[in-house]
Amino acid sequence: LLHGHQRPLQLLRISDDSRYLASGGQDGTVRVYDLRNGIAEIHAYVLRGHILDVTALVFSSQGNWVATGSRDNTVRLWKLNGTRPGPETMILGEHLGWISDLAFDENEQVLISAGYDKTLRVWDFPDCLKNGVSAASYQDLTEARSVSRKLFLARTGGLLVSLDFNGCLRIYNGGVRFRQYSHMFFGNRTLPITNMTVTPDQEWLIFSYRNQSDPRRSGVRLWPLTLDGLLNLAR
């Protein structure tokens, strides 16, 4: 058993290379466990900084960084230096509401944060590291009518899919400077989308939906995870 948090856990995430396991708790801390020597010898490192519950957590695809979000409205970055997580690197400003999800692209060029202020914030990650946080280092996508609760960012960083609490999917395209292709292209009050995931090869988007008028007709759909495929879904 892994112990340490002083209050209940909120999140569990594992890095793409399966080396690190991270847990986020209501105590405002993140605990990162190094699994490289197996379960017989697990080292835990505690990341302290958030003052409220940890609500979002993501490893970068290359395993160099972990980003965390909280009910304190902030996104924080931590460097994984190969032996143990380093000290807090920076705070990426504040949303006007607590953080609901985070996503990195494969090359650590883009970080997306979703907040309860109904904003998706697109961070130019290298610029943040080199020059610090400024108005030039991020773009806000404020067209949402509801809070995004789950994000998927393609490996190339050029395709972003967001699922909101109203049960609607939205798609964005364009790398760091995203252009929104469709505000609300699938899902509504009568057929809300309840969850989504992506196959490991990123070829297919899988989502479940609920038929409000006849629950027996609820189901799961697979759709090609390409811009053309998703726009066909919108039609």
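The values are calculated or read from the model by the stated rules, or taken from the named source; none is laboratory data. It should be emphasised that the depicted structure is a prediction, and the values quoted were computed from it without experimental measurement. Positions of Cβ are backbone-derived with ideal geometry, glycine not excepted, and every protein chain shown enters the neighbour counts. What goes into the accessible areas is simple: the full protein's heavy atoms, side chains included, and nothing from ligands, DNA or RNA. Shrake-Rupley method; radii C 1.70, N 1.55, O 1.52, S 1.80 Å.
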(request) Give me the accessible area of residue 178, 1.4 Å probe, in Å² rounded to the nearest 10. (result) 10 Å²
(request) Add +1 for every Lys or Arg and -1 for every Asp or Glu among the other residues with Cβ under 14 Å from the Cβ of residue 62, and state the total. (result) -2
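Would you mind getting me the FRET efficiency between residue 155 and residue 226? Use the beta-carbon distance for r and R0 = 22 Å, nearest 0.05. The partial results should precede the final answer.
On the way: r = 13 Å, r/R0 = 0.59.
That pair, residue 155 with residue 226, gives E of 0.95.
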(request) Straight distance only, please: which lysines reach the Cα of residue 150 with their own Cα at less than 27 Å, same-chain residues fewer than 8 apart left out? (result) 79, 118
(request) Heavy atoms only, probe 1.4 angstrom, no DNA, RNA or ligands counted: give me 193, 91 ranked by accessible area, highest first. (result) 91, 193
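Kindly sort 162, 218 by accessible area of their heavy atoms, largest first, with the probe set to 1.4 Å.
The most accessible residue leads, giving 218, 162.
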(message) Multiplying the sequence separation of residue 197 and residue 217 by 0.36 nm and subtracting their Cα-Cα distance, what value in nm do you get?
(response) 5.2 nm
(request) Using per-residue counts of other Cβ atoms within 10 Å, averaged over each peptide, order 20-28, 63-71 from highest down. (result) 63-71, 20-28
(request) Go through region 66-75 residue by residue and turn each phi into a ³J(HN,Hα) via Karplus (6.51, -1.76, 1.60, θ = phi - 60°); whole Hz please, and just put x for glycine and proline. (result) 10, 10, 10, x, 8, 5, 7, 6, 10, 10
(request) Mind listing the long-range amide H neighbours of residue 105? Cut-off is under 5 Å, sequence gap 5 or more, other chains count too, H placed in the peptide plane at 1.01 Å from N. (result) 110
